[in-house]
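Reviewing the structure listed below.
The values are calculated or read from the model by the stated rules, or taken from the named source; none is laboratory data. This is a predicted model, so every value here is computed, not measured. All Cβ positions, even for glycine, are placed from backbone atoms using ideal geometry, and neighbour counts span all protein chains on display. Note: areas computed on protein heavy atoms with side chains; ligands, DNA, RNA excluded. Shrake-Rupley method; radii C 1.70, N 1.55, O 1.52, S 1.80 Å.
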Amino acid sequence: MVNTQPQPLELHEDRFFDPDDGQRNIAREIFNCIKNLPIVSPHTHIDLAPFVDPSMGFGDPAKIFIQQDHYILRMLHAQGVPFEALGIPRSDERPVESDPHQVWKIFAEHYSLFRATPSKIWIDQTLYDLFSIRKKLSVDTAIEIYEQIESALRSPQFSARHLFSQFNIKVLCTTDAPSDDLTAHRDIQTGIWQADIRPTFRPDNIINLDAPDWRAELQKLCQIAGMDISSYSTFIAALENRRKYFRSLGAVASDHAVISPHTEMLSHQQADAIFRRALHAKITHEDAARFTAHMLIELARMSSEDGLVMQLHVGAYRNYSSSVYQLFGPNRGFDFPTPIEFTRSLHSLLDRFGRHPNLRMILFTLDESSYSRELAPLVSAYPALKIGPPWWFHDSLNGIRRYFDQVIETAGLYNTAGFNDDARNFLTIPARHDVWRRSSANWLAGLVVRKIIELDEGLEMAVDLALNLALKAYRLR
Amino acid sequence: MVNTQPQPLELHEDRFFDPDDGQRNIAREIFNCIKNLPIVSPHTHIDLAPFVDPSMGFGDPAKIFIQQDHYILRMLHAQGVPFEALGIPRSDERPVESDPHQVWKIFAEHYSLFRATPSKIWIDQTLYDLFSIRKKLSVDTAIEIYEQIESALRSPQFSARHLFSQFNIKVLCTTDAPSDDLTAHRDIQTGIWQADIRPTFRPDNIINLDAPDWRAELQKLCQIAGMDISSYSTFIAALENRRKYFRSLGAVASDHAVISPHTEMLSHQQADAIFRRALHAKITHEDAARFTAHMLIELARMSSEDGLVMQLHVGAYRNYSSSVYQLFGPNRGFDFPTPIEFTRSLHSLLDRFGRHPNLRMILFTLDESSYSRELAPLVSAYPALKIGPPWWFHDSLNGIRRYFDQVIETAGLYNTAGFNDDARNFLTIPARHDVWRRSSANWLAGLVVRKIIELDEGLEMAVDLALNLALKAYRLR
Amino acid sequence: MVNTQPQPLELHEDRFFDPDDGQRNIAREIFNCIKNLPIVSPHTHIDLAPFVDPSMGFGDPAKIFIQQDHYILRMLHAQGVPFEALGIPRSDERPVESDPHQVWKIFAEHYSLFRATPSKIWIDQTLYDLFSIRKKLSVDTAIEIYEQIESALRSPQFSARHLFSQFNIKVLCTTDAPSDDLTAHRDIQTGIWQADIRPTFRPDNIINLDAPDWRAELQKLCQIAGMDISSYSTFIAALENRRKYFRSLGAVASDHAVISPHTEMLSHQQADAIFRRALHAKITHEDAARFTAHMLIELARMSSEDGLVMQLHVGAYRNYSSSVYQLFGPNRGFDFPTPIEFTRSLHSLLDRFGRHPNLRMILFTLDESSYSRELAPLVSAYPALKIGPPWWFHDSLNGIRRYFDQVIETAGLYNTAGFNDDARNFLTIPARHDVWRRSSANWLAGLVVRKIIELDEGLEMAVDLALNLALKAYRLR
């Protein structure tokens, strides 16, 4: 039977809660106490341009919901939709779909692929709450919905600045390269519009000596730091120089993505020798890996001195498909997790800095088997460590449930770091926090009905999960 | 208190559904819509003899339910029952139990070992539905039930052909060696009795150069292909020759079992050198492993050309116990899983063929930690990949629940391959699909009551899980 | 809002059961049948001194609940409480807090850290049931509760011997070094007070050739065995000598902690050469690891001869933090799990002894991904193997649920070893068994309401889980 009538889009008040009446009622009660709390967003990939220049918009619906979203791109690609049909530019500049309406229609046609995925939950809620869409997205409704979104985006209520207030965002951090001059942050901080937006120091491309653009990044770093980086010592000095600059603009954290958390202390001579080889010739993978393993310790040393919270995102094999990377660039959904070992890998770092009173390090994993095996035990002993929230694929209803299930009994709630939305799409930030808050409320209600905690404890823990843990972990208060 | 009265065997209408009223009612509603759908069985180890020759039966109850079932054998062995007492022949031909009644009595005596295992679920349902047994299996009822089964098996309704129709099997695939002449398949296809039964190309013993029977297998392959296989080139040609023959008899898939999914491209010279060493001398484990790693890529290349769906079953350390293997042969329950890494291992293959429009590769794992970590992300991006259903130990109520829980949020439903029963015992096929369908219905009902999907979506997804996904994944329509 | 009124401490009759009415009622019914069964405690770290000398107490509340408990120490340390403030002695003898009241107050102040952790469950139940505390522990109630505990501990009902009867302990095993003369066990066995308390043979420090105190341990072993240990042969003879002595005092088991379960058979010459190198010089890590891998097989050989049940605790990287170990010693919460591979690792041992009718080996893991992947399959085939209960961090409500969920479908119930409390604090033994029994009852109730087992089966399995499986696994009957 084909529905000729478009079906209504609805968001149920009790969505995602367990079906048991007792648990659902308590979940609703807890959720109602936290749903309107301010949003703390300490780790995002948001582009600040629309905040700096209010005349700039977020782009068209296809860009916002499809072309910038690696979750959506990979799923459509897996089902045989070419990137070209989605309007993703090719490096060889051969033509790709240029009409965003067509891209949107393909998306609508394939929307059932996303059943039971977090992508659909985030998008449906954003369409409903933000754009007042009341019909389900389908081939029949695609263009009508596209136009409704586009029209809304042109209205003044959809300026980035207005939405920042409407979303009730208390603080938001971006992610930035050391060579970034942070003009956007400076402009906002010195402008009329006031908002707590902070940069984050992410030096991956300059620390990873065999990154394809390493030499170019180093050049940029030399320029912006006003230094000649010709040795390991000057490299370290340049990084410290930039960290100081980032902190002067409010940065509270650094961010580091590594495929392995292996740490290994090199002597100054060894580090310098590798660095100089990288400067003057093509470096081996082994050299680059050892340098990264050393730099993690060096970065922990810097954090213990300047207080930047060190975020460690572990396990992604990035740009896995050569052909996708060459033709369509990074962040197209071709980054895949690998198994991760933390205990032995972090030993060298933790033995030096794990008990340092000023170090704060937040660990993120793509290997859920490490939650109960390694991360929960480690963070429950080392004062420097916190475990970050479920990351990437695991920022989902089941992923969050497994996280609570596997982490809290060993780590306790108070060695966790609250929630990160990790958003690239500013418009979905409320939906992502809503899923976290609903999941938190439902988990806590489960503890209450099983008489593991009492309701007043659950309410306090819910506020901590929504707000306080993130503020505290990132030294934001 | 000992029960002197035999207890009734019952199958509850709502078995395996969650106890919550709301969820159970929806689960029942969904299940009722799919329970009578035809069975698609694209991966089995069924012996076709009883289909070719209707006068042949399936054997006695001890053979059917015990001696052929590695799940049953291992559990009894673990509890101290010698294989000899179960009538498993010894390679040294020393005497073993020859009376199937005695074997059945031992089984009945130990039947409580199987509480809460899938084996008991499959057997109880088969006894109840197929053999109309209404008493629980126990020492007291053992012989009565044995005789009831035996008597039923002699009736015409229990011919393999009759049951094939009764089970409502739409299509069934067997698993066959390249050297198999597929006489049974030809006989069925040219006979009066019509049924969609297809062979599957499984060349493990000829690709694994250090398999104990490799030289004998190669000899058989030479004969059946009518070729002199004296080099890597002729080896590849012979495989392609056999694939063509398998396809001519309806094969839609190949099947490959490897302990590691490591892939590595060798040059023609390297591959040829290893192959020639194997021909002329005993090969090293390293050489054999490299050859397998290379052949996986080569087999993907063949699949991309001839369209056979490539099934990859990863992680079993087979014939682990030397003494069991030597005395009692393979498939006695002594094959054990190992940890598996997919992302790095498959890179070489996927970078070559992962985006090829004609490759289809279905991945099966024995390491559940790879579901959310690697398999779901990989299949959600690569058009060539699907994730197979829970395999072996994980084809169980909890195993299926964990699979849905860990796979679907990232992979979506439509990058999965539906269900395989992997049956060796033809008589249990309906029971195995029943468990899958009940588990699917219950999982979907859980999504409906949590307002993650709507009921009409759940009904559609249930039909996909029972039928369409398997048909599509195996290119059966 | 600050509560000025101390809140009542309550233990709900149905705590930890699922909220569904049907399941909860059955769980309660099952639990009521097992809650008063005797306690079997085959693996503990209990100090026997208070049993030998009834005038000795257990120490003050701070010692009992904080200083001896690595779960509590690590959590407070992680939240910035120095070990010194908790009264943990420093190896450099610099002063630490000496007033147990102060230590207890710090604990009370931080008690909310333990929300939803097993530590809080065990302590709350012990405070309520054993000490009749009826107020929640908080800063306000800390001293009052401290004094109530202290006063109770001085009463005759709180003698170790009295509590042993009150707890209804049928049998309890301690853990002891080969060089221990087991005076306490002898004294109890020859004294007036009768109790089934047995030693366990744990030779880790003498088998691990690079243990820091190895030479001293060897010296002690020479003395107590009255042997000159100058070769591998005499080393083996000394171990066998001590096993015999342990068995003469009722030992039923040995215990072995290894970071990896790797096994590898060395020739006598190889083993002797490594052992002599250790005697005469500092040994390499590689040598020590190979010797351990060899000794596991040798210990299995001994067990197959003398019948001691071999417990294998795998995966802990002990004394991870150099500074904590040097200043505060072992067992301060700085032992962390690592990933574990069992299948390949145990092959050499299992191929020799896995089917030996007299070997019994119980496997414990800190890596939950090995439950369904390796342990359940292995124990479901090898008669020598059982899987031990959830260990350490995993002895928790969720840990136990995951264990049942991932182990039983493949292993069956009857290849498991029941429960170990692994207690260091004698007073919490009833609480730890209570959590296990409640979790068992709830899990079985879940099977009953899903029609996977019937209630009478559930009741029988509950008794097995509470009592019979442990007795049988440890050959205690």
Got a sec? Charge dipole of chain C, +1 on Cβ for Lys and Arg, -1 for Asp and Glu; which of C:Asn241, C:His285, C:Pro199 is way out at the positive end? C:Asn241
Give the relative contact order (percent, whole number) for the stretch B:365-432; include only Cα pairs under 8 Å separated by 6+ residues. 36
Using the 7 Å Cα-to-Cβ label point, sort the distances from A:Glu240 to its equivalents in the other copies shortest first and give them in nm to one decimal. 6.4, 6.4
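Checking the table A:Lys35/B:Lys35; A:Lys386/C:Lys170; B:Lys35/C:Lys35; B:Lys35/B:Lys135 against a 32 Å threshold on Cα-Cα, which pairs fail? Mind dumping the intermediate values first?
Working: A:Lys35/B:Lys35 42 Å; A:Lys386/C:Lys170 42 Å; B:Lys35/C:Lys35 42 Å; B:Lys35/B:Lys135 25 Å.
Long pairs (Cα-Cα over 32 Å): A:Lys35/B:Lys35; A:Lys386/C:Lys170; B:Lys35/C:Lys35.
With a cut-off of 8 Å between alpha carbons and a minimum separation of six or more residues, what is the relative contact order of the stretch C:232-383 in percent? Mind dumping the intermediate values first?
Details: 198 pairs, mean separation 43.9, N = 152.
Relative contact order comes out at 29 percent.
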For the stretch B:126-177, what are Rg and Dmax over the alpha carbons, in angstrom? 14.1, 43
Taking θ as phi - 60°, what are the ³J(HN,Hα) couplings along the stretch A:253-263 by the Karplus curve (6.51, -1.76, 1.60), each to the nearest whole Hz, with x for Gly and Pro? 8, 10, 9, 9, 10, 9, 6, 10, x, 4, 10
Using Cα centres only, tell me the gap between the stretch C:419-477 and the stretch C:65-100 in whole Å. 34
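If you put +1 on each Lys and Arg Cβ and -1 on each Asp and Glu Cβ, how big is the dipole of the stretch C:397-477 around its Cα centre, in Debye rounded to 20? Intermediate values should be presented prior to the final figure.
Working: 11 positive and 10 negative charges, 54 e Å.
In total the dipole reaches around 260 debye.
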Calculated P(r) of the stretch B:134-236 - Cα pairs past 22 Å, %: 56
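Suppose the chain between A:Ala195 and A:Glu84 were pulled fully straight at 0.36 nm per residue; how much longer would it get relative to their current alpha carbon spacing?
Details: separation 111, 0.36 × 111 = 39.96 nm, distance 3.80 nm.
Net length gain for the segment: 36.2 nm.
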Picking from A:Leu455, A:Pro156, A:Met56, whose Cα lies most toward the positive end of the charge dipole for the protein assembly as shown (charges on Cβ: Lys, Arg +1; Asp, Glu -1)? A:Met56
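With the Cα gyration tensor of chain B giving a ≥ b ≥ c as the square roots of its eigenvalues, does the rule (a/c under 1.5 for rounded; else a/b larger than b/c for prolate; else oblate) give rounded, prolate or oblate? Could the numbers behind the result be given before it?
On the way: a/c = 1.69, a/b = 1.24, b/c = 1.36.
Here chain B falls in the oblate category.
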Roughly how crowded by other chains is peptide C:311-320, in terms of the mean Cβ count from those chains within 10 Å of each of its Cβ atoms? 2
Among rounded, prolate and oblate, which fits the stretch C:301-390 when a ≥ b ≥ c are the square roots of the eigenvalues of its C-alpha gyration tensor, a/c under 1.5 means rounded, and a/b larger than b/c means prolate? prolate
Work out the mean other chain Cβ neighbour count within 10 Å for the residues of A:388-401 and drop it here as an integer. 3
About its Cα centre, how strong a charge dipole does chain B have in debye, to the nearest 20, once Lys and Arg get +1 and Asp and Glu get -1 at the Cβ? 600
Once you average over the residues of A:109-122, how many Cβ atoms of partner chains fall within 10 Å of each Cβ? 4
Partners for C:Lys63 among lysines (Cα-Cα distance below 19 Å; same-chain residues under 8 apart left out): C:Lys105, C:Lys120
A:Ser233 versus B:Asn319, label points 7 Å from Cα toward the beta carbon: distance in nm? 6.4
Nearest to the axis that maps chain A onto chain B: list the chain A residue whose Cβ wins, with the distance in whole angstrom. A:Ser369, 2
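Taking square-rooted eigenvalues a ≥ b ≥ c of the alpha carbon gyration tensor, is the stretch C:191-295 rounded, prolate or oblate, where a/c under 1.5 means rounded and, failing that, a/b exceeding b/c means prolate? Each step should come with its number before you reach the end.
Details: a/c = 2.19, a/b = 1.72, b/c = 1.27.
Prolate.
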Name the long-range amide H neighbours of B:Ile169: under 5 Å, sequence gap of 5 or more, or other chain; modelled H, no Pro or chain starts. B:Ile39
Put +1 on the Cβ of every Lys and Arg and -1 on every Asp and Glu Cβ in the stretch A:23-84; which of A:Ile30, A:Val40, A:Pro82 then has its Cα farthest towards the positive end of the dipole? A:Ile30
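Based on the inverse mean of 1/r over its pairs of different Cα atoms, what is the Kirkwood hydrodynamic radius of the stretch C:2-80, in Å? All intermediate terms of the calculation are to be shown ahead of the outcome.
Numbers: mean 1/r = 0.0574 Å⁻¹.
So the Kirkwood estimate lands at 17.4 Å.
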By DSSP, what percent of the beta bridges with both residues in the protein assembly as shown are antiparallel, rounded to the nearest 5? 10
Evaluate the charge dipole of the protein assembly as shown about its Cα centre and quote only its size in Debye, nearest 20, assuming +1 on the Cβ of each Lys and Arg and -1 on the Cβ of each Asp and Glu. 740
May I ask you to list the lysines whose Cα is less than 19 Å away from that of B:Lys244, ignoring any residue fewer than eight positions away on the same chain? B:Lys220
Calculate for the protein assembly as shown the 222 nm mean residue ellipticity that helices alone would give, adding -39,500 (n - 2.57) per DSSP H run of length 4 or more and normalising by residue count, nearest 500 deg cm²/dmol. -13500 deg cm²/dmol
Table column - 3J(HN,Hα) (Hz), the stretch C:264-269, Karplus curve with 6.51, -1.76, 1.60, x for Gly and Pro: 7, 7, 9, 6, 4, 4
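Take every DSSP beta bridge whose two residues both sit in the stretch B:285-433, then give the antiparallel share in percent to the nearest 5.
Values: 2 of 11 bridges.
Counting DSSP beta bridges with both partners in the stretch B:285-433, the antiparallel share is about 20 percent.
Given the peptides B:322-335, B:61-74, arrange them by the average over their residues of other C-beta atoms within 10 Å, most packed first.
B:61-74, B:322-335
Arranged from highest to lowest average of other beta-carbon atoms within 10 Å per residue, in what order do the peptides C:27-36, B:185-194 appear? Write out the running numbers ahead of the final one.
On the way: C:27-36: 18.6, B:185-194: 13.6.
Top to bottom by mean Cβ count within 10 Å: C:27-36, B:185-194.
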Would you mind putting A:118-128, A:370-380 in packing order, based on average other-beta-carbon counts within 10 Å, highest first? A:370-380, A:118-128
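In the stretch B:238-348, what percentage of the DSSP-assigned beta bridges are antiparallel, given to the nearest 5? Working shown, then result.
Details: 2 of 8 bridges.
Within the stretch B:238-348, antiparallel bridges account for around 25 percent of the total.
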Quick one: go through the stretch C:342-374 and flag any residue whose amide nitrogen is under 13 Å from the point 7 Å out along the Cα-to-Cβ line of B:Gln326. C:351-353
Tell me the relative contact order for chain B as a rounded percent, counting alpha carbon contacts under 8 Å between residues six or more apart. 20
What are the GluC sites (Glu not before Pro) within the stretch B:299-369 that DSSP puts in a loop, where the Cβ has at most 14 other Cβ atoms within 10 Å? none
Rounded to the nearest 0.05, what FRET efficiency do C:Asp272 and A:Gln270 give with R0 = 51 Å and r taken as the Cβ-Cβ distance? Could you check? 0.85
Per-copy distances of the C:Asp92 label point, shortest first, in nm (7 angstrom along Cα→Cβ): 6.7, 6.7
If amide H atoms are built 1.01 Å from N in the plane of the peptide, which residues on other chains or at least 5 residues away come under 5 Å of the amide H of C:Lys135? C:Leu9
Kindly give the distances from C:Gln223 to its copy-mates, label point to label point, with each label point 7 Å from Cα along Cα→Cβ, as nm values to one decimal ordered shortest first. 7.4, 7.4
Euclidean distance of C-alpha centroids, the stretch A:240-295 and the stretch B:346-378, integer Å: 32
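Using a 1.4 Å probe on the protein heavy atoms, what percent of the accessible area of the stretch A:380-477 belongs to carbon and sulfur?
51
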Under the Karplus relation with 6.51, -1.76 and 1.60 and θ = phi - 60°, whole-Hz ³J(HN,Hα) for the stretch B:389-399, x at Gly and Pro, equal x, x, 10, 6, 4, 8, 7, 8, 4, 5, x
